[in-house]
Amino acid sequence: MPETNLRIFPSPLTIDLSGVYFRPEGLGNKYICGWSPPEDEDVKSDNLDVDYSVFEEKIWPVLARRVPSFETLKLRNAWAGFYDYNYFDQNLIIGSHPRQNNFIFANGSSGHGLQHAPAIGRAISEYLIDSNFKSIDLSRFNFQRVMNNTPIFEPMIV
């Protein structure tokens with residue numbers, strides 16, 4: 001977790017086109033950052049050792065270029081772990097099951113589910129009350145797309 005003496009007010013989750021991302025974490029000028037590598041540069045899943053060179057060579061240069069005050073940030077700690085997601089298309093599944101009555105999905109988002117939780121909550125509450133999405137139409141993310149083998153790919157998932 002990088003730390004800097006400069007406070008950025010307010011900083012939302014920021015995702016660079018390179019796949020590097022950052023966001024504030026709690027108080028005290030702390031930020032969480034990472035990198036979503038291209039598939040050919042992704043590490044093998046049997047090795048969870050932290051490779052600190054990734055921060056120095058891939059993440060830090062992008063952060064410093066994007067936010068000049070990040071040139072002085074310091075790496076405080078790091079971790080490596082598994083990132084679970086919907087393997088079909090890495091996107092949300094929401095709405096009724098096409099064959100099972102009274103079964104409603106709101107899952108498959110993994111890490112970005114937290115980012116989308118307020119919208120998902122609103123959409124599901126409207127769906128439960130009105131049997132339809134009203135203010136946020138998420139119907140294209142229904143389970144039927146899995147059964148029809150029509151994935152929705154998003155290139156910048158972090």
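Potential lengthening of the chain between E39 and N77 amounts to 11.2 nm, from the contour at 0.36 nm per residue minus the alpha-carbon distance.
Between F103 and N148, the distance separating the two model label sites (each 7 Å from Cα on the Cα→Cβ line) works out to 2.0 nm. Among residues other than F133 with Cβ under 12 Å from its Cβ, the summed charge is 0 (Lys and Arg +1, Asp and Glu -1). Considering only Cα atoms, the convex hull volume of the chain works out to 145 Å³ per residue. Mean-square fluctuations from a GNM of the chain, with a 10 angstrom spring cutoff on Cα atoms, peak among E126, E39, E71 at E39. Of the residues W60, W35, W79, the one that moves most in a GNM of the chain with alpha-carbon contacts below 10 Å is W79. Between R23 and L48, full extension at 0.36 nm per residue minus the direct alpha carbon distance yields a gain of 6.7 nm. Applied to the range 124-130, the Karplus parametrisation 6.51 cos²θ - 1.76 cosθ + 1.60 on θ = phi - 60° returns per-residue 3J(HN,Hα) values of 5, 5, 5, 5, 5, 7, 9 Hz, with x for Gly and Pro.
If you rank K30, K58, K74, K44 by fewest surrounding Cβ atoms within 10 Å, what's the result?
Taking fewest neighbouring Cβ atoms as first place, the list is K44, K74, K30, K58.
Our helix-only sum for the chain, with -39,500 (n - 2.57) per DSSP H run of n ≥ 4 divided by its residues, gives a mean residue ellipticity at 222 nm of -6000 deg cm²/dmol. Each of L48, L92 was scored by other Cβ atoms within 10 Å of its Cβ. Arranged with the fewest first, they read L48, L92.
Rule-based calculations on the coordinates, nothing more; no lab input. Since this is a predicted model, take the numbers as computed values, not measurements. Backbone-built Cβ (ideal geometry, glycine too); neighbour counts: all protein chains shown.
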